[in-house]
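The values are calculated or read from the model by the stated rules, or taken from the named source; none is laboratory data. None of the values given here were measured: they were computed from a predicted structure. Note that we place each Cβ from the backbone using ideal geometry, even for glycine, and neighbour counts take in every protein chain shown. Remember, those area values only see protein heavy atoms, side chains included, never the ligands or the DNA or RNA. Shrake-Rupley method; radii C 1.70, N 1.55, O 1.52, S 1.80 Å.
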Amino acid sequence: MTVEVRRATAADAWRLAASEPPGAAVAASHLRRQEAGEVLFLVALEDGEPLGSGVLVPGDVPELRHLFVAEAARGRGIGASLIGAAEREAAAMGATLVELGVGVDNPRAAALYRRLGYAETGERSKTTYEYVDRDGVRRTATETDVHMRKRLRG
Ligand SMILES: CC(C)(COP(=O)(O)OP(=O)(O)OC[C@H]1O[C@@H](n2cnc3c(N)ncnc32)[C@H](O)[C@@H]1OP(=O)(O)O)[C@@H](O)C(=O)NCCC(=O)NCCS
């Protein structure tokens with residue numbers, strides 16, 4: 001099995017959207033932001049099938065957001081491949097640091113980031129966002145994120 005990470009195309013976004021709850025429109029929103037030049041929408045494909053994605057927001061310190069791997073494909077290195085690709089893109093933008101936020105209730109994701117060289121900055125933020133649950137019901141959630149950063153090697 002070969003995992004490839006690249007910028008998502010419209011076709012990738014449609015295929016990712018097929019496994020979203022009805023009305024979620026997450027991949028469509030990432031694609032729109034990429035087309036507007038605001039973000040880089042990365043997709044991981046295994047044998048051509050999109051199994052995960054992430055969004056890199058450019059800036060002085062580019063930020064990796066919305067990292068997600070399909071449940072059945074977790075624990076096989078796809079998340080780490082997406083993070084590695086985001087770091088290479090950030091380095092290509094001239095950045096020396098990459099930042100991300102991880103929910104205080106998401107210790108497994110935090111463990112992955114720590115393993116890949118990210119360290120807590122000490123900053124925390126609270127975000128309220130809307131999402132569509134598995135039953136297609138629109139909900140609002142508030143999440144407290146711990147910020148983590150990694151220094152990229154030159
Ligand atoms: C976090 C996530 C992207 C990791 O993707 P992945 O492809 O499973 O990651 P990798 O295979 O590269 O690394 C596995 C590590 O990820 C972490 N992990 C977090 N949640 C996991 C899960 N549900 N299943 C497996 N590993 C998970 C663990 O640290 C794991 O290491 P371990 O196997 O030693 O326990 C994925 O689990 C996911 O999409 N989770 C739900 C959304 C989420 O939490 N996103 C992060 C927001 S900050």
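Worth a mention:
- Selection status of residue 132, touching a residue at least 12 places away in the same chain (Cβ under 8 Å), closer than 23 Å to residue 41 by Cβ and touching a helix residue (DSSP H, G or I) at 6+ places or on another chain (Cβ under 8 Å): no
- Restricting 97, 82, 116 to those that are aliphatic (A, V, I, L, M), closer than 26 Å to residue 14 by Cα and modelled with pLDDT of 95 or more reduces the list to 82.
- Flag if residue 23 is at pLDDT 95 or above, assigned to a loop (DSSP other than H, G, I, E, B) and either among the aliphatic types (A, V, I, L, M) or open to solvent by 20 Å² or more (accessible area, probe 1.4 Å) (or both): no
- Wholly within the stretch 35-154, strands (runs of 3 or more DSSP E) carrying at least 1 residues that are within 14 Å of the ligand (Cβ to nearest atom) and surrounded by 18 or more Cβ atoms within 10 Å (Cβ to Cβ): 40-46, 49-57, 63-69, 97-103, 138-151
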